[in-house]
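Report on the structure given below.
The values are calculated or read from the model by the stated rules, or taken from the named source; none is laboratory data. If you're wondering where the values come from, they're calculated on a predicted model, not measured in any experiment. Cβ sites come from the backbone with ideal geometry, for glycine too, and all protein chains shown count toward neighbours. Ligands, DNA and RNA are stripped out before the accessible areas are found, and what is left, the full protein with its side chains, is counted by its heavy atoms. Shrake-Rupley method; radii C 1.70, N 1.55, O 1.52, S 1.80 Å.
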Amino acid sequence: IELPRKYCRLYFMTLRGCERAKCWFWHVPEQGDEKICMAILRTYISIKECGLLKRAVEIFMKYYREVTPGVNFASRVLNDLLISLIKNCLLQEVFQILNLAVQINTLVAVDVVLKIFEHVASWNRRDAVPTLITIFHKLIDAGMFLEFEHFDYIIKFLHKFQVSSQEVNIVLNMKSRYVFKELYFNYICLDPSLCSTFINLLFSVWCSGSSFAYICHLPPLQHCKVKGDWTKLGALYVNTRTGCEHFEDLQKLSLCIGEILAGDSETDRPEVPFCDFADAVIKNSKHNEGDRIFIGRTGISVMCSYHKVLQWMKGRKVLDKLRELQIHFTVLKGLTGAESVASRCQIVNKAAEIFLKTGSLDGATWVLRESEWTTNSPLWPCSNTDLLNRHNLLCTLVHKYLRKSLYRQAFEVLQNLPGFHNHSDTVGVSQYSSLFNKLINACFESRNLGVSSSAVDFMLSKNIAIDLFLLRGLITALGRSSLWSKARTYYKSALSLGCYPPLQGNLYHKVLMIPSYLSEVEMLLAIEIFLVSNASDIRNPMATSQTLQIILKRCEDQTVQNNSDYQAAVERLILAARLSDPKLFLKHMTMNVNMEEVYSLELTSALKWIQENMKWARNVWLF
């Protein structure tokens, strides 16, 4: 910066500044040197150093208290300075600049004002709100023009701080100046023919008990419909609702708008009017819960109208908009037509089907979760047709998840089939056996033991028939993965289901018959039961002279001539003894008349096993 000689170079040109007790040079630009003043401010702003920014405020304040902004004044510099001060949390300096700007009739950019509100909120500076509102009021009085949405943006921050109603009303009163202006320019000026009726419509028609048909043909509504201006329709609804004193009149207006939006299903245009309308209502509603319910109910009616004519993508856009706006429509009824009396089950079915038809499995599951998978209830009774549709919908969803190997999601859907949670559902759950077994089989192929175990637990708790072959496979897989506790639990369940030979001939008789078709895990679990059953004799070997024997039984198809399968079973039996902790030792004794191998269980290893495991084994295996 080229400074005149009379300016203090230490003050203007160094970070430290001038530290002289009394400086003979100037620290404030001279009147007429506005160009130099702007250059200094630009430089300080570009360096972004906190001390220099404070010095910039000093220079600006001292200069413009004495000088009116001239031709070299740059609004961009003022706005940039304010933004830099905000970023450096220099809030008091921001307020100083804004107050002076009002005094010298200089307006700052609207974006900067909004940024100040935003940062005050992010810093949680509740103490700064009264000062900020006062300055904001001064800026409006000075002529700063804001759009409708700017007021809503500011009011949102005030609600976040939970400020007093008096403070909010200050901003609302400022906003009210623009309400009629907004409506006037956007309706009357666009279509002068509306002028003669517009005032009467806004201030008397909706409070006069007019018929539904008449309200539907009001010029402002028809203007929005013909022009396809759904954003203005949303703003018109909110403004009218705010001034409407009669609930019945508001209902008529709501129904009329609902029918206008649902009527789009009769057109082929790709746009979805409901989406723009919903955005406009939420934007202007000031967090009004009634408006959110209205949007939800209207969305249901519009979505069902698209479902009826198979316009899946347009229905999907409606659902996506409701999800984006976080409107929980699954607890609402439709606004118009059959949807106003439809069951909750039916509405959710249609929404989930739309997601499925547009390829979104997650969307379908989301809407079902949102409804808590509800089918029939006293508050939401549904028909047998609704239940059948829900059954078919969920079965389709399960098959699609299985094809994508999304087993946990498939299991979630299976658990919520009709009949599991609601006793009033006239559906027998036994029919779901094949679906659950299909899930377990798919999990086996992908080695997903977690979901398959959960599915078996659920089936056992609901008395759903399990494929015993799959149950045996799960027991073996769990044992091979060292998940012995789960394997033992399912082995006991398999015994009670008749999956294995009965235990009567084995317990307390010193002879264990093990079918050769068992896996090494199943063999070991059978040996554990055998040990626990004979624990007293193992501890007191003198009380009996009989040894503990294990006979490996042949299957009917395992002839002596075809011995390979049986030999593999012998190897599995030896492996089972080694898998035990501590290890068990088997001694080959003989081959009986049925050509079956007979082994004796070495007593010392059996005793060691009992000593180390009996504490838990007693609770697990004593039936």
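Taking the stretch 435-452 as the range and being crowded, with 20+ Cβ neighbours inside 10 Å and hydroxyl-bearing (Ser, Thr, Tyr) as the test, only SER452 passes. Select from the stretch 22-46 the residues that are more than 19 Å from VAL71 (Cα to Cα), in a helix (DSSP H, G or I) and either aromatic (Phe, Trp, Tyr) or free of Cβ contacts under 8 Å to residues at least 40 places away in the same chain (or both) and list them in ascending order. Within the stretch 22-46, TYR44, ILE45, SER46 qualify. In this structure, is LEU368 under 19 Å from the mean Cα position of the chain (by Cα) and either surrounded by fewer than 21 Cβ atoms within 10 Å (Cβ to Cβ) or in the same structural domain as LYS438 (by the TED database) (or both)? When the stated conditions are applied, LEU368 does not pass them.
Scanning the stretch 381-390 for residues that are open to solvent by 40 Å² or more (accessible area, probe 1.4 Å) and of a type outside the set (S, T, N, Q) yields PRO381, LEU388.
Evaluation of LYS286 against the conditions (1) assigned to a helix (DSSP H, G or I); (2) in contact (Cβ under 8 Å) with a residue 40 or more places away in the chain shows that the sole unmet condition is (1).
Tell me yes or no: at least one residue of the stretch 12-23 is at pLDDT below 90, surrounded by fewer than 17 Cβ atoms within 10 Å (Cβ to Cβ) and either under 29 Å from PRO130 (Cα atoms) or not assigned by the TED database to the domain that holds LEU146 (or both). Scanning the stretch 12-23 turns up no residue that is at pLDDT below 90, surrounded by fewer than 17 Cβ atoms within 10 Å (Cβ to Cβ) and either under 29 Å from PRO130 (Cα atoms) or not assigned by the TED database to the domain that holds LEU146 (or both).
Report yes if ILE155 is open to solvent by 40 Å² or more (accessible area, probe 1.4 Å) and among the aliphatic types (A, V, I, L, M), otherwise no.
Against the criterion (open to solvent by 40 Å² or more (accessible area, probe 1.4 Å) and among the aliphatic types (A, V, I, L, M)), ILE155 does not qualify.
Condition check: in a helix (DSSP H, G or I), among the charged types (D, E, K, R), over 26 Å from HIS399 (Cβ atoms) and open to solvent by less than 10 Å² (accessible area, probe 1.4 Å). Does ASP276 satisfy that? So ASP276 does not fit the description; no. Out of all the residues in the stretch 424-445, is one or more of a type in the set (Val, Ile, Thr), in the same structural domain as LEU470 (by the TED database), touching a helix residue (DSSP H, G or I) at 6+ places or on another chain (Cβ under 8 Å) and part of a helix (DSSP H, G or I)? Yes, some residue in the stretch 424-445 is of a type in the set (Val, Ile, Thr), in the same structural domain as LEU470 (by the TED database), touching a helix residue (DSSP H, G or I) at 6+ places or on another chain (Cβ under 8 Å) and part of a helix (DSSP H, G or I). Can we say ARG403 is open to solvent by 60 Å² or more (accessible area, probe 1.4 Å), charged (D, E, K, R) and either more than 23 Å from ALA487 (Cα to Cα) or at pLDDT 95 or above (or both)? Yes, satisfied. The requirement of being out of contact with any strand residue (DSSP E or B) (no Cβ under 6 Å at 6 or more places or on another chain) and exposed (fewer than 14 other Cβ atoms within 10 Å of the Cβ) is not satisfied by CYS37.
For every residue, the table says whether it meets (1) outside the structural domain of ARG55 (by the TED database); (2) outside any helix (DSSP H, G or I); (3) hydrophobic (A, V, I, L, M, F, W, C).
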| position | (1), (2), (3) |
| --- | --- |
| ILE83 | no, no, yes |
| CYS89 | no, yes, yes |
| VAL102 | no, no, yes |
| ASN105 | no, yes, no |
| ASP111 | no, no, no |
| LEU114 | no, no, yes |
| HIS119 | no, no, no |
| VAL129 | no, no, yes |
| ILE133 | no, no, yes |
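For the stretch 296-309, the set of residues classified as surrounded by fewer than 24 Cβ atoms within 10 Å (Cβ to Cβ) and either charged (D, E, K, R) or closer than 20 Å to LYS252 by Cα (or both) consists of GLY296, ARG297, LYS308, listed by residue number.
Is it the case, given these coordinates, that LEU253 is assigned by the TED database to the domain that holds LYS314, more than 32 Å from the chain's Cα centre (by Cα), surrounded by 21 or more Cβ atoms within 10 Å (Cβ to Cβ) and modelled with pLDDT under 85?
yes
Scanning the stretch 135-154 for residues that are outside any loop (DSSP other than H, G, I, E, B) and either outside the structural domain of LEU81 (by the TED database) or farther than 19 Å from THR68 by Cα (or both) yields a count of 12.
Run down TYR11, TYR64 and say which single residue is on the phi < 0 side of the Ramachandran plot, touching a His at 6+ places or on another chain (Cβ under 7 Å) and in a helix (DSSP H, G or I).
Values: TYR64 fails: touching a His at 6+ places or on another chain (Cβ under 7 Å).
Criteria check complete, one pass: TYR11.
Look at (1) open to solvent by 20 Å² or more (accessible area, probe 1.4 Å); (2) touching a His at 6+ places or on another chain (Cβ under 9 Å) and you find that ILE59 fails only one, number (1). Of the listed requirements (1) surrounded by fewer than 23 Cβ atoms within 10 Å (Cβ to Cβ); (2) over 25 Å from the mean Cα position of the chain (by Cα), GLY359 misses just one: (2). THR385 satisfies every condition listed in (1) at negative phi; (2) touching a residue at least 12 places away in the same chain (Cβ under 8 Å); (3) of a type in the set (Ser, Thr, Tyr) except (2).
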